[in-house]
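Here's the structure, in structure tokens; my notes come after.
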Amino acid sequence: MSALVWFRSDLRGVWHSPLTYAVANHQTVTAVFFITPQQWQHYGLAPIKLDLLVRRLLQLKQELADKGVCLNIMQVADFAAIPEKLKAICTEQRITHLYLNAEYELDERRRDQKVKALLAEQGIVTGIFHDTCMVRPDQQLNKEGKPYKVFTPYFNQWLAHLRNDLPHSQPWQAVQLTLSLPEALLDSDNSIQRYMQNADEMGWPAASSALDEKIDDFLTDAVSRYAQSRDFPAQHGSSGLSPYLSIGAVAPRQLAHSMLIRFGEAMLDGSGGAHVWLRELAWRDFYRYVMFHFPHLCMHRCFIEKYDAFNWCDDRNLFDAWCQGQTGYPIVDAAMRCLNATGWMHNRLRMIVASFLCKHLLLPWRWGEEYFMSRLIDGDFASNNGGWQWSASVGTDAAPYFRIFNPTTQGQRYDPDGEFLLQWLPELKTVPKKHLHEPQKWQAASSLNYPPPIVEHKQAVSSTKERFGQFLDMH
Ligand code: FAD
């Protein structure tokens with residue numbers, strides 16, 4: 001009995017239930033990953049994310065080979081081509097079982113249903129595992145038997161699930177007999193080289209050993225300060241693990257296990273850094289959970305469906321200014337320039353720039369969602385969609401529409417000395433500290449090569465409240 005393990009957004013060789021199960025139960029095991037250029041293009045994935053993905057894939061191929069499993073990297077156009085390709089592989093190689101980790105996005109679920117049905121016609125069993133989240137999304141319902149729509153009660157039940165099913169390590173079981181696909185079925189591995197963008201290998205390493213070190217460093221040191229420092233972009237107080245979670249180079253339960261070793265079950269309670277961090281990981285699960293139970297989220301729809309009819313503005317010039325970091329609001333501009341230059345943005349800044357786009361410029365949150373996806377190294381449909389819908393007040397557990405961040409006071413609070421800001425806005429280096437977040441108030445502002453505010457804060461806030469208020473009166 002031969003097994004095929006299909007890798008997707010779970011690019012790791014440990015904490016990987018399909019692989020562990022296949023190796024434990026089959027004499028021959030092989031693995032496959034499909035490069036899907038048209039699908040990636042359709043999703044608008046950022047080149048920097050694809051670069052990380054491909055570098056990780058090559059590392060994984062090596063790591064699996066060292067342990068006796070051959071990872072075959074194949075190219076097809078998009079998801080539609082995968083069922084037939086898998087059928088061909090399974091027939092040719094007499095595969096009896098396909099193993100994979102569930103993905104909860106709608107296109108992915110439809111793809112997997114087609115694969116399962118097609119292979120079942122051939123008598124091939126598809127085994128689906130659930131390593132993507134810390135707690136499976138289909139395991140949690142409220143007292144009425146309905147999915148949660150609000151985070152806090154979801155989180156309380158999520159913690160109870162985790163407490164009952166704490167992660168234990170999955171030791172690697174060596175496999176002796178492996179199978180390699182014939183050349184005829186393989187596209188050259190060289191085809192993946194074109195996705196490599198010469199990204200910062202040091203900043204975003206792809207080898208497992210480097211990731212283990214990154215996790216270790218964070219949990220040994222920074223996590224204890226996480227609750228205090230996580231909101232300050234200049235302090236680098238968060239883990240920087242989201243790019244790895246998004247491609248599955250790291251498993252959420254692997255992180256919970258590492259925390260358990262260090263902090264014991266205390267991490268499940270209290271206000272310490274480990275617990276606060278665990279709560280953030282629960283947000284990642286929550287957005288996947290909501291997407292799983294409310295698939296209209298995957299169709300460019302708002303969670304609160306009436307907002308699909310909301311009349312956003314469509315001024316492309318305002319949007320371009322936001323994208324390029326030319327709004328005249330320093331914290332917004334520094335954040336956007338950082339994103340454009342590095343593919344990364346701190347969580348607090350994501351909230352500030354998203355609020356600014358939706359509530360100051362009244363532009364469609366979908367524009368921002370798409371732009372983020374095209375730039376972020378950690379672009380992840382569920383978290384990005386969830387973050388944008390939250391910011392636009394159209395999502396689950398969303399901020400009420402009248403809660404509008406003041407970008408100036410946010411900047412003053414979270415980057416008081418302008419340390420982050422000046423990294424990206426060198427043109428403001430002559431501005432006295434007290435005016436850094438509103439340089440237009442400095443008497444010599446006209447000498448600066450920096451735009452005045454693109455909209456006036458109070459006026460923008462009042463138009464937004466009025467627009468939302470009128471909309472709600474009518475719906
Ligand atoms: P840490 O603070 O170390 O948190 C640990 C992990 O918890 C993160 O790696 C992430 O997986 C998860 N997490 C933390 N905060 C959130 C959150 N608010 N929502 C969901 N998961 C969270 N995150 C993405 O991974 N991909 C995205 O495309 C994405 N887009 C976003 C868009 C907007 C508008 C907003 C407001 C947030 C978005 N986030 C996204 C969530 C969050 O900003 C990032 O996960 C976080 O900044 C990653 O940094 P970190 O790994 O250092 O996080």
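The values are calculated or read from the model by the stated rules, or taken from the named source; none is laboratory data. Treat the numbers as computed from the prediction; the structure is a model and nothing was measured. FYI the Cβ positions are ideal-geometry reconstructions off the backbone, even for glycines, and counts take in every protein chain you see.
Data table
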| read-out | value |
| --- | --- |
| Hits in segment 298-323 - residues which are aliphatic (A, V, I, L, M) and under 20 Å from Ser355 (Cβ atoms) | Ile304, Leu318, Ala321 |
| Check on Glu419, in contact (Cβ under 8 Å) with a residue 60 or more places away in the chain, surrounded by fewer than 20 Cβ atoms within 10 Å (Cβ to Cβ) and within 20 Å of Ala335 (Cβ to Cβ) | yes |
| Given (1) closer than 27 Å to Leu361 by Cβ; (2) out of contact with any Phe, Trp or Tyr (no Cβ under 6 Å at 6 or more places or on another chain); (3) part of a loop (DSSP other than H, G, I, E, B); (4) within 12 Å of the ligand (Cβ to nearest atom), index of the condition Gln326 fails | (4) |
| Condition met for Gln75 (among the polar types (S, T, N, Q), touching a residue at least 24 places away in the same chain (Cβ under 8 Å) and in contact with a Ser or Thr (Cβ under 6 Å, 6 or more places away or on another chain)) | yes |
| Per-region count, segment 283-305, residues of a type in the set (Val, Ile, Thr) and buried (at least 19 other Cβ atoms within 10 Å of the Cβ) | 1 |
| The one condition in (1) modelled with pLDDT of 95 or more; (2) within 10 Å of the ligand (Cβ to nearest atom) that His236 fails to fulfil | (1) |
| Checklist (1) under 25 Å from the mean Cα position of the chain (by Cα); (2) without any contact (Cβ under 8 Å) to a residue 60 or more places away in the chain applied to Gln59, failing item | (2) |
| Condition check for Val332: outside the structural domain of Pro439 (by TED's automatic domain parsing), β-branched (Val, Ile, Thr) and in contact (Cβ under 8 Å) with a residue 40 or more places away in the chain | no |
| Helices (runs of 4 or more DSSP H) lying entirely in segment 359-460 (those with 3 or more residues that are away from the ligand (no atom under 16 Å from the Cβ) and not hydrophobic (A, V, I, L, M, F, W, C)) | 407-414 |
| Those residues of segment 233-243 which are in contact (Cβ under 8 Å) with a residue 40 or more places away in the chain and within 14 Å of Val276 (Cβ to Cβ), in sequence order | Ser238 |
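Residue-wise test of (1) more than 16 Å from the chain's Cα centre (by Cα); (2) among the hydrophobic types (A, V, I, L, M, F, W, C); (3) within 13 Å of the ligand (Cβ to nearest atom).
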{"residue": "Phe263", "(1), (2), (3)": "yes, yes, no"}
{"residue": "Gly270", "(1), (2), (3)": "yes, no, no"}
{"residue": "Ala274", "(1), (2), (3)": "yes, yes, yes"}
{"residue": "Cys338", "(1), (2), (3)": "yes, yes, yes"}
